[in-house]
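A short worksheet on the structure shown next.
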Amino acid sequence: MNLLDLHLAYVAPLFGSSLWHRWALITAVGAALERRVWLERGLSGIMFPNLYTFLVGKASAGKSMHGDFAVDILKALHKKGHKIRFGPDKITQAAIYKELEECVRMYDFPGGHSYKQAPLMLYASELGRNMEDFGGGLFTNELIDFYDSKGLDYTTQKRTISGGKITFFNPSISFLACTTPEFLKSASHSRIIETGLSSRILFVVERDFIKKNHNYVPLDKESALARISEMERIYRMKGPMTFNNEADALYVQYANASDLESNRTHGTFLQTYFGRKSTCHLKKVSMILAAINGRYLIRAEDVQTAHEYITELETNMHYAFGLRSIELEASMIEAIISVLPEVGHSITIGEMHESLMKEGKFIPSNGKLKAAMDTLESSKTVSRSHDGKQDFFKRLK
């Protein structure tokens, strides 16, 4: 059994969400690989397997329990002397700067090259407590910067609040957070989306009730040690990864489909997400799955599984920021127009509701939407047709 199988079997007696357990473990593996393993893509540059993953669900659903089980494996490696660096409990720009400055260490790579590296693992078991200003100010831009790959040897300078400067050597951040839609909705929702931070986050949303087993479950020491041993093996990996020919062809197929989805979908949140899915998420998760199976060569099965895992998130991903009624907003008409298909195509009221929901918006069934559509029809923005069962609206301009 590989680490993912071992982990899911280990936590299974406690029930919970297999989705949260899976993605917490995948994120932890990406953090364990740090910047010692990278994907080479020629002119497209290189990529590291760090992820930003948010477990999103109702309060008291047990999100932190799921995160703890994965992060505890990394902490066990740290206790064994492996220098995995964890970020501060209170996540602020100043605290992150301090950690990245202090966690620098030298890595030797194949070919006789040595580079200073500063990989950092952030774990927010409760995002609202660990990071009160999430999505606000300059720190949003910092998170974007520390997510993206800058090459094997990259230094950058950052200015501190006091006006000084700090030099970072090959910084990167892996980020696992547990939170609720209510907190994300209140945390500068538009700022997170408009800057592109949301597209770099994999939102693992559970909307249903999460059943937990509160009975006594004995500790399986053998399985616990097996998970640590497997993570230690992954931690020792070092060097470049590549796609084999079949994996490369499949990746290109999925990436092209994601680009098309980005072009035809509505709303900045989904447009930027699908764009990032093709350029980042598919590659990073494929790398992690290959590493879990002890390989530097990424196979088609890794890419296919990565695609399946990521696509599964998209069903509920748009609920990460909760839903808000837009019936009283001055921009309601503008929001409706934004989800109308291109000229020549029609849409039903139900399809319109579905498109708005994917942007976290809804209009209650109280006549406001009908009045809005009447206004658009009278202004010659849309035309209405009927097939005997329902209305169809076609965009005119």
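The values are calculated or read from the model by the stated rules, or taken from the named source; none is laboratory data. Just so we're clear, the structure is a prediction, and the values are computed from it rather than from any experiment. With ideal geometry, Cβ positions are generated from the backbone for all residues, glycine too; neighbour counts draw on all protein chains shown.
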- line: By residue number, the members of the stretch 72-88 that are farther than 9 Å from Ile228 by Cα and in contact (Cβ under 8 Å) with a residue 24 or more places away in the chain are Lys80, His82, Ile84, Arg85, Phe86, Gly87
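Condition first: at pLDDT below 90, outside the structural domain of Leu8 (by TED's automatic domain parsing) and either in contact with a Ser or Thr (Cβ under 8 Å, 6 or more places away or on another chain) or more than 30 Å from His318 (Cβ to Cβ) (or both). Can you find one or more residues in the stretch 276-294 that meet it? I'd like the intermediate steps shown before the answer.
Within the stretch 276-294, the first condition is being at pLDDT below 90, and the residues that meet it are none.
The answer is no, given that none of the residues of the stretch 276-294 is at pLDDT below 90, outside the structural domain of Leu8 (by TED's automatic domain parsing) and either in contact with a Ser or Thr (Cβ under 8 Å, 6 or more places away or on another chain) or more than 30 Å from His318 (Cβ to Cβ) (or both).
Among the candidates Thr375, Thr381, single out the residue that is surrounded by 17 or more Cβ atoms within 10 Å (Cβ to Cβ) and not aromatic (Phe, Trp, Tyr).
Working: Thr375 fails: surrounded by 17 or more Cβ atoms within 10 Å (Cβ to Cβ).
Step by step, each of Thr375, Thr381 is checked, and only Thr381 is surrounded by 17 or more Cβ atoms within 10 Å (Cβ to Cβ) and not aromatic (Phe, Trp, Tyr).
For the stretch 169-222, enumerate the residues that are of a type in the set (Gly, Ala, Ser) and touching a residue at least 40 places away in the same chain (Cβ under 8 Å). Break it down stepwise before answering.
The first filter runs over the stretch 169-222 and keeps only residues of a type in the set (Gly, Ala, Ser), leaving 172, 174, 177, 186-188, 190, 196, 198-199.
Passing the criteria: Ser172, Ser174, Ala177, Ala187, Ser188, Gly196, Ser198, Ser199.
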The listed residue being aliphatic (A, V, I, L, M), surrounded by fewer than 18 Cβ atoms within 10 Å (Cβ to Cβ) and over 30 Å from Ile234 (Cα atoms), out of Ala335, Ala330: Ala330
- request: Kindly list the number of the only condition in (1) buried (at least 18 other Cβ atoms within 10 Å of the Cβ); (2) under 25 Å from Ala300 (Cα atoms); (3) in the same structural domain as Phe146 (by TED's automatic domain parsing) that fails for Arg233.
  value: (1)
message: Can you tell me how many residues within the stretch 345-372 are in contact with a Lys or Arg (Cβ under 9 Å, 6 or more places away or on another chain), surrounded by fewer than 17 Cβ atoms within 10 Å (Cβ to Cβ) and not in a strand (DSSP E or B)?
response: 2
task: Filter the stretch 149-162 down to residues that are in a loop (DSSP other than H, G, I, E, B) and surrounded by 16 or more Cβ atoms within 10 Å (Cβ to Cβ) and give me whichever is modelled with the lowest pLDDT.
output: Ser149
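Name the residue that is modelled with the lowest pLDDT, counting only residues in the stretch 53-97 that are of a type in the set (Lys, Arg) and more than 13 Å from Ala124 (Cβ to Cβ). Explain how you work it out, then say what you get.
Taking the stretch 53-97 as the starting set, the residues that turn out to be of a type in the set (Lys, Arg) are 58, 63, 75, 79-80, 83, 85, 90.
Next, only the ones that are more than 13 Å from Ala124 (Cβ to Cβ) stay: 58, 75, 79-80, 83, 85.
Details: Lys58: 93, Lys75: 95, Lys79: 89, Lys80: 89, Lys83: 82, Arg85: 90.
Out of the qualifying residues, it is Lys83.
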field: Selected residue (only one of Leu225, Leu219 is among the aliphatic types (A, V, I, L, M), more than 24 Å from the chain's Cα centre (by Cα) and not in a helix (DSSP H, G or I))
entry: Leu219
message: Quick check on Leu100: is it in the same structural domain as Ala31 (by TED's automatic domain parsing), buried (at least 20 other Cβ atoms within 10 Å of the Cβ), among the aliphatic types (A, V, I, L, M) and modelled with pLDDT under 90?
response: yes
- prompt: Restricting attention to the stretch 49-72, does a residue exist that is touching a strand residue (DSSP E or B) at 6+ places or on another chain (Cβ under 6 Å), charged (D, E, K, R), over 24 Å from Lys165 (Cβ atoms) and not in a helix (DSSP H, G or I)?
  reply: no
- request: May I ask you to list the residues in the stretch 252-304 that are basic (Lys, Arg) and either crowded, with 21+ Cβ neighbours inside 10 Å or in a helix (DSSP H, G or I) (or both)?
  value: Arg264, Arg276, Lys277, Lys283, Lys284
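Does Arg207 fit the bill of being surrounded by fewer than 20 Cβ atoms within 10 Å (Cβ to Cβ) and either under 30 Å from Phe274 (Cβ atoms) or within 25 Å of the chain's Cα centre (by Cα) (or both)? Steps first, answer last, please.
Details: surrounded by fewer than 20 Cβ atoms within 10 Å (Cβ to Cβ): yes; either under 30 Å from Phe274 (Cβ atoms) or within 25 Å of the chain's Cα centre (by Cα) (or both): yes.
Yes.
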